[in-house]
Amino acid sequence: MTGAPLPPLPYAGPPGAARVDPGPPLPSLPARLRPPQVILGVGVVLLVATALAGPSLAGGVARIGVLLLALVAACAAAWAARARLRSTEEACAAAAVALALTGAAGGERTADGGPLPALGLAVLLLSLRVLLPRPLSWPLGAWLALQVAALRSLALVPAGLPRTALLLGVALAGLAVTLTARRPLARVALVTTAPWFVAGAAGGLVGAATGAGDARRVAAGLPVAAAAALLLVRLERAVEPLLGPPRLVPGVAGLVAGGAVGAALSTDGPVPLPLAGWLGVLLASVAAATLTGWRRGLLLPAATAAGLVLVVPAVAQLVAAARWPSLIALLVLLALSAAGVAAARRDERARALAEAVGCLVAAALLAVPAGLLSAGAAAAALTGLFAGTLAARPALAADVRGATGTVGAVCAGAALVVLAVSAAWGPLAAQLAVQGVLVCAWAAPAARGGEAEAAWRTGALELGAAGWTLAALTGTAVVEAWSLPAAAALLVAAGPRLFDGPSWPVWGPGLVAAAAPSTVAAVVQPGALRPLPVLVAAAAAMALGARAAVRAPLFVGAATAVALGVGLAVEALPLPLAGVLVAGAGLLALGARRELRPVAGFGARLSEMR
């Protein structure tokens, strides 16, 4: 061990339990021991070794001799106390305890009265503790004798609830000793209590899960009581180095208590399983919303662990049994409790809001197989949640806004998945359009900042997908049913830049996507009525572009009209004349371009050429 100071607890402790300055470190053992103390220790070891070997060689007579020798050592301890020989008093007391334990615990159980000799010895040692309070060996020996008596009683107690009560009774006694005894005894009591606690908790969980009636409830209550006592030990500074991380003991206590209650409620009835889940939700949410200070650091890990142990098995069993209405009710309660935590605690708001919306999403999805909602109604509810997250985001802090955006996206995606899985293509197109409009409306205010560009693109994508879904649903072969939604999506993706940005980057892609397919179709499909609407649209684009002083609509409209006219002429004329027409149009275009952007040679006069 490095000897580095332990990390502080996550709570300050109850009033009056502040840390005491330990002062300078204790000197090493050789610096504290004197020769008489070494001699006393060797004498105790030799006496105890002889006492351990004697009964195995000489039987009952030797055991009586060991007990008499223990009495002599106890009298020597009393004499040393009167003479104020502290080391001698402790050494004689230790020898007396070791000899008495050897005499009382040796031999066959049936011949020696079962646990009674050890119990009698424990009472006697506690009496000596009252008469001679200074030696630590008296209470330590009493605790060891009590454990010996409990071990001997295990074979006499029926399996099941009585044995669990015995195990946890010893564990509770050990925890009580830990809380009240001096530091060395408290640490020994805690270490020796751990096996009793583990065995008793395991027996209690089994009894709570398999028992019936009152036995089931008592078997669940015993581990809960032991877990509560374990929580109090976390506040005991004397044993703090043995307790591990600050949240370990509260977490273990919560797991034991929650597991016991959950096991008692894990029945096939209509009420117990949902009740276990609801209890877990209420326990965790109330603790998270109300606890403060040292109580929060101590009790919140326990409440969270107990809540998880109650909720997770309940949800798993409800899913396995396909009890969708009960599971939906549990998820709604989870959402309400998380919303309460978000309202009560600012530091938990981001996580709690995400949990609340996530539970509502799961409830809406499960309502479809449960028959409570149709796919369309579930999708509408999820889109409503999405709209709610969009409306709430501007008023939220930055750390909460990110989590809210994530859960909102999950809501929107879940709504679309529900409809797609149900093959409800018409409602799917409607939901895409609604979500696209919601996103664009949210991005419209100028205060959105850097999020606006991504929002406009997302909304445009959903609007375009809605148009394509309708086109696929109708089975139309009209090219505009596919090109115009794509063109509209490209224009919407530009957002406010349509009004103040450069025209070609923001207007050009959408206008070209709308004009090019229709122009080609008008030329290659003879006899169709499409050329007239295309020319009208091109003329309108040129007029509006000129009126608004926007270059892209003007040029795209002009190019569309020229391309359509040339294409129709090429289609109608014989091949030689069509070639002449194409060549003339190409030359006109080339001349116009080089007049606009001359290169070497095009800017010279004819007289200047060689």
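The values are calculated or read from the model by the stated rules, or taken from the named source; none is laboratory data. In this text, all values refer to a predicted model and were calculated from it rather than measured experimentally. Cβ sites come from the backbone with ideal geometry, for glycine too, and all protein chains shown count toward neighbours. Only protein heavy atoms, including side chains, enter the accessible area calculation; ligands, DNA and RNA are left aside. Shrake-Rupley method; radii C 1.70, N 1.55, O 1.52, S 1.80 Å.
The fraction of all Cα pairs in region 260-343 landing in successive 5 Å bins from 0 to the largest distance is 3, 17, 25, 23, 16, 10, 5, 2, 0, given as whole percents. Using a Förster distance of 41 Å, how high is the FRET efficiency between A316 and R497, based on the Cβ-Cβ distance and rounded to 0.05? Efficiency, rounded to the nearest 0.05: 0.20.
Mind giving me the FRET efficiency for L587 and Q525? R0 is 45 Å, r the Cβ-Cβ distance, nearest 0.05 is fine. E between L587 and Q525, to the nearest 0.05, is 0.95. The heavy atoms of W79 present about 150 square angstrom of accessible area, all protein chains included, probe 1.4 Å. Segment A569..V123, full-extension length gain: 148.6 nm, with 0.36 nm per residue of separation and the alpha-carbon distance subtracted. Each peptide in 224-233, 472-481 gets a packing score, the mean of other Cβ atoms within 10 Å over its residues, and the list from highest to lowest is 224-233, 472-481. Ordered from largest to smallest accessible area (heavy atoms of protein chains, 1.4 Å probe), the residues R393, R349 come out as R349, R393.
Based on the Cβ-Cβ distance from R351 to V417, what FRET efficiency comes out when R0 is 25 Å, to the nearest 0.05? Working from the Cβ atoms, E equals 0.55.
Peptides 179-191, 159-171 ranked from most to least packed give 159-171, 179-191, packing being the mean of other C-beta atoms within 10 angstrom over each peptide's residues.
By the gyration tensor of its Cα atoms, with a ≥ b ≥ c the square roots of the eigenvalues, what is the shape of region 189-270: rounded for a/c under 1.5, prolate for a/b over b/c, or oblate? Prolate, because a/c is 1.5 or more and a/b exceeds b/c. With protein chains left intact and a 1.4 Å probe, residues in region 271-368 average 41 Å² of accessible area per residue.
Fully extending the segment from V332 to R183 would add 48.8 nm, taking 0.36 nm per residue of separation and subtracting the current Cα-Cα distance.
Note on R134 and T210: the model spin-label points, each 7 Å out from Cα along the C-beta direction, lie 5.4 nm apart. Among 369-379, 351-361, the peptide with the highest mean count of other Cβ atoms within 10 Å heads the list, and the full ranking is 351-361, 369-379.
Stokes-Einstein diffusion of region 94-233 at 4 °C, 1.567 mPa s viscosity, Kirkwood radius from Cα pairs, rounded to a whole number: 82 µm²/s.
Once every Cα of region 405-468 carries one equal point scatterer and solvent is ignored, give the base-10 log of I(q)/I(0) from the Debye formula at q = 0.12, 0.19, 0.27 Å⁻¹, two decimals. Relative scattering, expressed as log10 I(q)/I(0), comes to -0.30, -0.69, -1.15. Accessible surface of region 190-236, 1.4 Å probe: 78 percent of it comes from carbon and sulfur atoms. Modelled spin labels at L71 and A176, positioned 7 Å past Cα toward Cβ, are 3.0 nm from each other. Placing dummy labels 7 Å off each Cα toward the beta-carbon, the span from A392 to T406 is 1.5 nm. Ligands, DNA and RNA are left out, and with a 1.4 angstrom probe the accessible area of region 105-243 is 45 Å² per residue. R593 exposes around 120 Å² of accessible area when a 1.4 Å probe is run over every protein chain in place. Full extension of the chain between L282 and A540 yields a length gain of 86.4 nm, computed as 0.36 nm times the residue separation minus the alpha carbon distance.
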